[in-house]
1. Any idea which of 320, 346 is at pLDDT 95 or above, surrounded by 15 or more Cβ atoms within 10 Å (Cβ to Cβ) and closer than 16 Å to residue 194 by Cα?
2. Please go through segment 234-249 and give me each residue that is out of contact with any helix residue (DSSP H, G or I) (no Cβ under 9 Å at 6 or more places or on another chain), outside any helix (DSSP H, G or I) and in contact (Cβ under 8 Å) with a residue 60 or more places away in the chain, ordered by number.
3. Report, ordered by the first and then the second residue, all pairs with beta carbons closer than 9 Å, sequence separation of six or more or different chains, a first member in segment 193-213 that is in the same structural domain as residue 239 (by TED's automatic domain parsing) and within 11 Å of residue 237 (Cβ to Cβ), and a second member that is modelled with pLDDT of 95 or more and surrounded by fewer than 12 Cβ atoms within 10 Å (Cβ to Cβ).
4. Can you name every residue in segment 126-147 that is outside any helix (DSSP H, G or I) and either within 24 Å of residue 280 (Cβ to Cβ) or modelled with pLDDT of 95 or more (or both)?
5. Considering each of 86, 96 in turn, give the residue that is crowded, with 22+ Cβ neighbours inside 10 Å, modelled with pLDDT of 95 or more and over 18 Å from residue 323 (Cβ atoms).
6. Just to be sure, is residue 215 modelled with pLDDT of 95 or more, surrounded by 21 or more Cβ atoms within 10 Å (Cβ to Cβ) and not in a strand (DSSP E or B)?
7. Looking at segment 167-175, is at least one residue crowded, with 20+ Cβ neighbours inside 10 Å, assigned to a loop (DSSP other than H, G, I, E, B) and modelled with pLDDT of 95 or more?
């Protein structure tokens with residue numbers, strides 16, 4: 001910067017003064033930025049009670065693993081106190097998420113509320129063809145039911161209170177189970193939720209799963225399909241297909257829901273494809289091998305699958321998209337299906353269904369979008 005016509009000392013004085021002004025502005029801007037970060041709103045905490053809430057009926061989750069290969073499965077049962085019987089929920093994972101630790105916080109939540117959870121593996125490795133996923137998952141679920149009913153020490157499953165939930169590829173598997181329940185000898189699916197399901201389309205073809213005839217999903221099934229507004233992996237294609245093609249299910253018994261991202265505070269809430277992951281440490285576990293599955297020794301955890309990607313770095317922490325989104329919706333759906341309660345938290349485009357909590361500064365989190373015409 002130059003000032004022609006001025007003496008050198010005058011130029012230096014002006015430059016020094018202007019530099020001082022610039023430093024003041026920059027310092028003030030930085031201070032404002034730091035103050036803004038320090039006072040940024042934080043997401044809502046988990047509610048104390050109600051669907052999606054932290055209230056529990058059982059203080060411990062008992063874990064068993066059975067079988068081998070693509071027909072292996074995990075069992076999670078409530079304990080402390082251990083009930084005589086409990087509803088049975090099938091939890092179908094996303095592609096390559098054979099380790100239930102990726103969803104463990106959600107599974108814990110379901111079991112601590114008083115449910116048995118079956119987690120079919122249905123993938124031996126990353127080369128297992130998608131066309132076999134549904135059949136292998138069904139075999140695993142049927143074996144889990146047989147074991148629960150016949151082997152001492154288990155909580156007895158209430159087969160009249162049977163529900164299915166799945167994420168990503170597991171969302172499509174869940175829809176298929178609901179359509180094939182009668183021909184495959186599964187219990188009647190009273191509640192089904194398909195979260196960011198996919199994919200039945202695209203390339204490579206060996207990775208695409210075929211959706212069953214969804215017109216066979218029963219009319220009395222309560223059905224939710226859920227998409228994320230920032231899901232660029234499976235998008236909303238199968239979520240819409242499952243909703244639309246489940247033609248027997250009346251509009252009163254199903255909703256199409258979109259999870260909505262919100263960056264009002266920090267950390268922001270991203271409704272992307274990884275949002276339903278709920279990574280947590282696996283609890284103390286008793287691995288038992290099935291008599292017809294000699295591949296694993298009793299008392300040991302199954303060997304790590306080194307072909308499986310490590311999702312723990314990409315899995316977002318459990319947040320309002322879980323508490324007020326997927327967890328609340330499925331809790332409300334199963335409560336309505338099993339006990340005739342809390343339907344307003346899952347169906348009907350109600351304020352309770354759409355509500356996503358409040359940021360720490362009092363601003364409501366962007367609500368769920370609910371429709372019967374996706």
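The values are calculated or read from the model by the stated rules, or taken from the named source; none is laboratory data. What you are looking at is a predicted structure, and each value in this text was computed from that prediction instead of being measured. Note that each Cβ is placed from the backbone with ideal geometry, even for glycine, and that neighbours are counted across all protein chains shown.
1. Exactly one of 320, 346 is at pLDDT 95 or above, surrounded by 15 or more Cβ atoms within 10 Å (Cβ to Cβ) and closer than 16 Å to residue 194 by Cα, namely 346.
2. Across segment 234-249, the qualifying residue is only 236.
3. Pairs that qualify, where the first residue is in the same structural domain as residue 239 (by TED's automatic domain parsing) and within 11 Å of residue 237 (Cβ to Cβ) and the partner is modelled with pLDDT of 95 or more and surrounded by fewer than 12 Cβ atoms within 10 Å (Cβ to Cβ), are 200/210.
4. Residue satisfying the conditions is 126 alone.
5. 86
6. No, not satisfied.
7. yes
Each row is one residue, and each column tells you yes or no for (1) modelled with pLDDT of 95 or more; (2) assigned to a strand (DSSP E or B); (3) closer than 28 Å to residue 282 by Cα.
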| residue | (1), (2), (3) |
| --- | --- |
| 299 | no, no, yes |
| 310 | no, no, yes |
| 329 | yes, no, yes |
| 360 | yes, no, no |
| 370 | yes, yes, no |
| 374 | yes, no, no |
